[in-house]
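Structure record follows, encoded as structure tokens.
Throughout, read-outs are computed from the coordinates displayed, never taken from laboratory work. For clarity, every value in this text was computed on a predicted model and none was experimentally measured. Reconstructed Cβ throughout: ideal geometry from the backbone, glycine too, with neighbour counts over all protein chains shown.
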Amino acid sequence: MPLKPSAQRVQDALAARGLDIKVVELTSTARSAAEAAAAVGCQVGQIAKSLVFRGAVSGRGFLVVASGANRVDMDRVGELLGEKLAKADAEFVRAETGFAIGGIPPVGHDRPLTTVIDEDLLRYDRIWAAAGHPNAVFPATPAQLVAMTGGQVAKTA
């Protein structure tokens, strides 16, 4: 069965990076880290949740890929990025990424986003990330995540 268009977009982005990673569509939703972990049978910490923030001064979008077990410390990440961060609403997230909240992937966005990756994700052999739709995910190694996003690894919690 073909992937939903938004999940196919992520599959295409992975392939364009030369990664032999397959997007998986689940029968249940994976909108939250807990739902995703239950659906794929892993620890919540292995879920790579992609969160978009808005630069308070520049208005630019920033992507933080955090461990599902962690809450992002916006002050810490803002200090790292050199700009205070603000929460982004659904309209801003879609405008920056082309995806709706609940399925934001770490790749395949409409425009490039400066990305920070939670160092806690590097503790795992395999992680799972959203693939553009609430029912779609893909597995990766932490090294693949860093390479595919060009993200800076840092403490985000």
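Under a plain spin-label model, where a point goes 7 Å from the Cα along Cα-to-Cβ, how far apart in nm are Lys155 and Asp20?
For the pair Lys155/Asp20, the computed spacing is 3.8 nm.
Please list the non-local residues whose amide H lies under 5 Å from the amide H of Ala157, H modeled 1.01 Å from N, same-chain partners needing a gap of 5 or more.
Asp73
Rounded to the nearest 0.05, what FRET efficiency do Arg31 and Asp125 have when you use their Cβ-Cβ distance and R0 = 22 Å? Please list the in-between numbers first.
On the way: r = 25 Å, r/R0 = 1.12.
About 0.35, to the nearest 0.05.
If each residue of separation counts as 0.36 nm, what is the full-extension length gain between Asp12 and Glu91 once their alpha-carbon separation is subtracted? Present the calculation step by step, with values, prior to reporting the outcome.
Details: separation 79, 0.36 × 79 = 28.44 nm, distance 2.39 nm.
The span from Asp12 to Glu91 would gain 26.0 nm if fully extended.
So which lysines can Lys87 reach, going by Cα to Cα under 21 Å and dropping same-chain residues fewer than 8 places off?
Partners found: Lys49, Lys155.
Exactly which GluC sites (Glu not before Pro) in region 66-157 are in a DSSP loop and have at most 16 other Cβ atoms within 10 Å? Each step should come with its number before you reach the end.
Working: sites: Glu79, Glu83, Glu91, Glu96, Glu119; in loops: Glu83.
Sites meeting the loop and neighbour criteria: none at all.
Provide the percentage of antiparallel DSSP beta bridges, counting only those with both residues in region 62-157; round to the nearest 5. If you can, show how the numbers build up before the last one.
Working: 4 of 11 bridges.
Counting DSSP beta bridges with both partners in region 62-157, the antiparallel share is about 35 percent.
From the list (i) 1.34; (ii) 0.93; (iii) 1.05, can you say which value of Rg/Rh (Cα atoms, Kirkwood Rh) was derived from the structure given?
It is the one labelled (ii).
Below 8 Å, C-alpha to C-alpha, sequence gap of six or more: please give me the relative contact order for the chain in percent. Please report the intermediate quantities before stating the final value.
On the way: 333 pairs, mean separation 44.6, N = 157.
Answer for the chain is 28 percent.
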